[in-house]
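Only the coordinates and a few stated rules stand behind these numbers; no lab work does. For clarity, every value in this text was computed on a predicted model and none was experimentally measured. Glycine also receives a Cβ, built like all others from the backbone with ideal geometry; neighbour counts cover every protein chain displayed.
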Amino acid sequence: MTLSPVTTEIIRSALIQAAEDMNMTLIRSAYTPTIYEGKDCAVALLDRHHRVLGQSSGLPIFLGNLEECTRHTEERFGSDVWEPGDVWVLNDSYVGGTHLNDCTVYAPIFVSGELVGFAASRAHWIDMGSKDPGGSMDSTTIYQEGLRMGPTRIVVAGEENSDVLRMIETNVRFPYVTLGDMRAQVACARMGVRRLGELFARYGAVIVDAARAKIFAQTERLERERIAAIPDGEYEATGWLDNDGIDLDTPLHVTVRVTVAGEHMTVDLTDCADQATGPVNCGRSQAISAARVGYKLLISPAVSLNGGSFLPLDVQVRDGSMLGAREPASCQYYYSSLGMLIDLVIKALAPAMPEQVAAASYGDSMIVQFAGELNPRTGQPFVTLEATVGGWGAWHGSDGETALINNVNGSLRDLPIEVVETLYPVRVTHYGIRHGSGGAGRWRGGDGVVREYVMEADQDLSLWWERSVTPAWGAFGGEAGAPPRVVLNPGGPGERQLLKANSLRVRRGDTLRCESGGGGGYGVSPN
Amino acid sequence: MTYRVAMDIGGTFTDVVSCDETSGRMSAGKVLTTPDDLARGVFDALAGVRLPLSDVGFFVHGTTQGLNALLERRGANVLIMTSEGIGDVYRIARGNRSRLFDLHYRKQAPLVPRDDIVEVGGRFDASGAELEPLDEDAVRLVAKRVREEGFDAVAVCLLFAYLDGSHEQRAGRILREELGDEALVVLSHEVAPEWREYERTSTTVLEAYTGPSVHRYLDKIEDRFSGKGLDVPVHVMQSSGGLVNADFARRHPLQTLLSGPVGGTMGGVAVSRLLDRPNVICIDMGGTSFDVSLVLDHRPDVSPDGEVEGFPLLMPLVNLHTVGAGGGSLAYAEGGALRVGPESAGAAPGPACYGRGGTRPTVTDANCVLGRVDPESFAGGMNLDVTAARAAVAGLAGDLGMDTVELASGICDVGNAKMAQAIRTLTVEHGREPGQFALLAFGGAGPMHAAFIAQEIGVTEVVVPRFPGAFSAWGMLEADVRRDFSMQFFATNADLDTTALATAFRTLHGQATEALAEQGIAVDRRRIGHGIDMRYESQDYTLTVPLTDADDVTAPGFLADIQQRFAEEHEKRYGHATPGAPVQFVALRTTGHGLVERVDAQYGAAAAEESESVVRDVVFDGAPWPTTIVPRTALPAGSELAGPAIVHEETSTTVVPPGARLRVDDNEFLIMTLAARPELEAHA
């Protein structure tokens, strides 16, 4: 049959829109700010063969892990397992790749009795019943990290599976909002079922499938053309994670080897540290996802994701390594390596794509958390969570951006001083740019920030800061950015430098100075 | 004779709608905008539509003066004065990114460079207690610098000024003392008395940046009227959809930033009341862009804050969603598929059919090929070049291996699908499906596409108002005076002090009363409403819960009652609620409406013109259909038509596809009824 370019375009944009509508449904009906404000979620509409028809993300780092969940379910239980009206959940780190908080909810889509695809979403549930609330910075096995679910039906033939819901309820610390978030994901899946159903009702399976094939082919062709433009060869880059959060003296190495051959690219991640004791491990699908982010940033940043994306890319991961964790490795801080992996793919390809790449950025979340039993402002227990912004790498033609959220997060914003001080017993005495922290170069790396807190009550401080062993490197002779630096009571008698801390007691009047890293410079500085 | 006159000054055209105060008769006209001097343009436009100045009894307009200054970055030279320790906050700008995959991401360049930001000592804490007095010597040094370096304006934004404005006021007094009229001084707690220092600074800077040019512009207009010895109340549309007089707009110029396009939404509110349709989707399609906004329960969808050009604005704004899809949107091939927009042929060369040298096909060219525009009567008779349109579409059709007419239909279909998606995004965001709305179409190209867009989203009723090409101006004539007030008021359900709450509302009520009096609104025409911004603990965004006249915030049941109503609002907007969960009170909002006195508009006074309708082939669904082509002037109230038909008028063309029915109601609005789409029904 012949398919009109008009129909293809209308179906292409309808699929993108369907994913947007799913994402909107999830974000607007979720119960916790992690999802509706932190946008810690992603949605995908998949075809019968688990290929992406449309995807929409809050975070940029879930490229490929949602389809792993439907595929795994089918591999395990056979293709007859799908029934109309069922909705499933899965949060197994070794399948989904990330920590147990990331729960993927997915539903098969039937049209006239035929399975035509899947609607899936992943969202961060605030607590899975781990040994510490919300997750631990010092877990050493996944069994300390909470409830782990393989493929599990939460809705059967349109009715909630109350046995399973009770089981979840019993295991997590905040059951009310957790089930609320789960139901938001069910609503999101139903929006996907509805939108894809409308499309099939309007055009029929044959036309939708023909359009799908054409859309995938367009994307694949475009990516192949862009890879073909890169000189063939082997490219390599190495970086180090500071430590695994348990043994603070041992850095963990990651080497990325990229091979470009014609229209094909291989990213080899096998040469990295074995899975660690601390919670820095991730499942293979997340390592693949991170490599895809690096690839996408260079090859096709503006193109919508679909089943044609990443076809020319092969990512190799070693089972039992930190990036291909096996049971019972702990995975709570799975994202520690992601920002670096993304930067390493880019660094490796720098000689081949000097104008597209950028020098490295400051790293990832740089988390500061205050918690206490009593907030004098409200008389209630409290817990805060802030991600700190930093400097990005320079590129050919421009300095890197200053004070920008990391590559792993997306639309996350810093907390205004007026909000922090109103809600929590801390005062922010300084929030400014960390001048000179960006690496020098023909184009300078962006600067990090300095944020200084004074405690107004005794409380517990937790920190998860990274990238001091290999701070943001420069490119083509540009210098590295300054590493991060966190100091408790700077200049005072109890001065102490630290980057990681798990519930460290701090006292009223103590000062905490947090300095995020700068980005790398690009090109040799003329001075 | 006295006229009430509204004027929407757009980039290319200025639309004028007037209403004769004695007879209620309305008329509309269109003249070219004079971008080099908008104030002169106002008077040229009045002359252009033959309205003698002495007959103007009430004048309202939407001005792009401030917005143009911002878009073209030729605003005032501003210096920022802020608190010690946070001079970089304006540059950090909360650190978020708007694109997920962009290695070369740069934030919007700030309007004020870091060198022009000065920190001064003085600090309050979060309870409003003074920790450190204002460093007045530092303020005097700032004044010295402003004078020496010739800054036009100073934006003062100090931490927690929304709780206690005394430091800002003191700094303002010193600056004014030292500088006199040399520089505009803008205080953050006066512009936006709300928390979040970056957003408040951004708002204050925008006011300082755009203020002086709006100021000069309004001065000129009033001078010109009074130069003729006329005392004409000059009003300006605000971004919130309400009117204010020029004197207020001069003092608070920022409120007029988005003053033009919101006229359409306010027209939508008036139409929703006239037709008793509470929920209306307003679509405004012109040459380069497509604006969607909503009327929900007869009220405009107004957000308490928003963003312009990437700069946050803590000020009520009508929620307008814009996509690059207009008559001038270019069609092109990419990877063997057809794409339409967002690139536009603009005014020059414009669509191929304008005959100004354009050769690439646009949406208007596609409509031209399909016979959906009348080449002789389009846009007041610009004589479209059908041959050029056909050649442009045929060229692309060849590249895509398609037939010319098939491609022309396809260009419209892709464009319509894109616009339908923009609408769906907005309604899904509100937790509603578009099928529950009526679609109100205006702008030159809106009524041409409305039926197809409606079918795409499952809407069955399309309304084309009078003067669709000048509808924003019509809407301004229908709008009322509005003044907004807010106050930060942080409390939790556990510690809410209702006596303090009542005192705060009394203050706001007093401010609103005073403001309406200042706008010349008589006591019996004032309507003052209150609302509370609330959220669940740990949320960031808030919902505004309106209070009713019957509410007594100090009554014993109030706390439980307001929490219940918050839960209901939450349920409505987000599809769920958590009754009993801890809530926070964040800000208080008071809106004063002043009902403008106006005579009811009269339509249908003029007898319908005797005019021949003709029948001509127009393409629908790929096939030619014999179609009735009729001028709107030949359709008096009560007329009915069955599609396919095309109704043309000076500034717009309404397309009625096969299967649709059209009737003309008592207001002389065109009401089109469409068949429901079965597959949307099935899932509804």
Expressed in angstrom and rounded, the centroid-to-centroid distance over alpha carbons for region A:23-61 and region A:141-186 is 18
Give the share of C-alpha pairs in each 10 angstrom bin for region A:358-527, from 0 to the last occupied bin, in whole percents, shortest bins first.
12, 37, 30, 15, 5, 1
In region B:1-145 the DSSP beta bridges are antiparallel at a rate, in percent to nearest 5, of 60
Calculate the dipole size of region B:614-680 relative to its Cα centre from +1 charges on Lys and Arg beta carbons and -1 charges on Asp and Glu beta carbons; express the result in debye to the nearest 20.
140
Give the angle, between 0 and 90 degrees and rounded to the nearest 10, that separates the Cα long axis of helix B:558-574 from the longest principal axis of the Cα atoms of chain B.
40
Shape verdict for region B:180-271, please, from the Cα gyration tensor: rounded (a/c under 1.5), prolate (a/b greater than b/c) or oblate.
oblate
Using R₀ = 22 Å, calculate the FRET efficiency as 1/(1 + (r/R₀)^6) where r is the Cβ-Cβ separation of A:ASP274 and A:ARG148; round to 0.05.
0.50
What ranking of B:HIS576, B:HIS593 emerges when the number of other C-beta atoms within 10 Å of each C-beta is taken as an exposure proxy, fewest first?
B:HIS576, B:HIS593
In the structure displayed, which of A:LYS131/B:LYS572; A:LYS39/A:LYS296; A:LYS214/B:LYS418; B:LYS107/B:LYS144; A:LYS500/B:LYS107 lie more than 26 Å apart, Cα to Cα?
A:LYS131/B:LYS572; B:LYS107/B:LYS144; A:LYS500/B:LYS107
For region B:614-680, count the residues as N, evaluate 2.2 N^0.38 Å, and divide the Cα radius of gyration by that value, please.
1.14
Computed over chain A: relative contact order in percent, which uses C-alpha pairs under 8 Å that are six or more apart
13
Mind checking which lysines have their C-alpha under 18 Å from B:LYS228, skipping anything on the same chain fewer than 8 residues away?
B:LYS220
Relative to the longest principal axis of chain B, what angle (0 to 90°, nearest 10) does the C-alpha long axis of helix B:166-179 take?
80
Ranking B:SER289, A:SER112 by Cβ neighbours within 10 Å, fewest first, what do you get?
A:SER112, B:SER289
Filter the DSSP H helices in chain A by two things, a Kyte-Doolittle mean of at least -1.0 and an axial alpha-carbon span of 27 angstrom or more, and list the hits by number.
A:5-29, A:175-203, A:205-228
If one computes the Cα centroid of region A:273-324 and of region B:434-462, what distance in Å separates the two points?
44
Which of B:HIS576, B:SER486, B:PHE558 sits farthest toward the positive end of the charge dipole of region B:481-594, with +1 on the Cβ of Lys and Arg and -1 on the Cβ of Asp and Glu?
B:SER486
So what is the relative contact order for region B:1-49, in percent, with contacts set as C-alpha pairs under 8 Å and at least six apart?
31
The residues A:PHE77, A:PHE382, sorted from fewest to most surrounding Cβ atoms within 10 Å, come out as A:PHE77, A:PHE382
Projected area averaged over all directions for the convex hull of the alpha carbon atoms of chain B, nm², comes out at 32.3
Across chain A, where is the longest run that never hits GluC sites (Glu not before Pro) in a DSSP loop with at most 13 other C-beta atoms within 10 Å?
A:1-354
In terms of the Cα gyration tensor, with a ≥ b ≥ c the square roots of its eigenvalues, is chain A rounded because a/c is under 1.5, prolate because a/b exceeds b/c, or oblate?
oblate
Net dipole in debye of region A:5-220 [+1 Lys, Arg Cβ; -1 Asp, Glu Cβ; about Cα centre; nearest 20]
400
Of all DSSP beta bridges having both residues in chain B, the percent classed as antiparallel (nearest 5) is 70
Apply the a/c threshold of 1.5 to the C-alpha gyration tensor of region B:75-206 and tell me whether it is rounded, prolate or oblate.
oblate
Kindly work out what percent of the DSSP beta bridges joining two residues of region B:75-206 are antiparallel, to the nearest 5.
15
Which distance in Å, rounded to a whole number, links the C-alpha centroids of region B:561-590 and region A:391-435?
31
Over all alpha-carbon pairs in region B:481-594, figure out the percentage whose distance exceeds 25 Å.
25
Taking the Cα centre of the protein assembly as shown as origin and charging only Cβ (+1 Lys, Arg; -1 Asp, Glu), how large is the dipole, in debye to the nearest 20?
900
From the phi of every residue in region B:108-118, what ³J(HN,Hα) in whole Hz does the Karplus formula 6.51 cos²θ - 1.76 cosθ + 1.60 yield, where θ is phi - 60° and glycine or proline is x?
4, 5, x, 6, 10, x, 4, 4, 9, 10, 10
What fraction, in whole percent, of alpha-carbon pairs in the protein assembly as shown exceed 44 Å separation?
42
Between A:ALA201 and B:ASP137, what FRET efficiency comes out of the Förster formula 1/(1 + (r/R0)^6) with R0 = 56 Å and r the beta carbon distance, rounded to 0.05?
0.15
How far is helix B:197-227 tilted off the main Cα axis of chain B, in degrees rounded to 10, range 0 to 90?
70
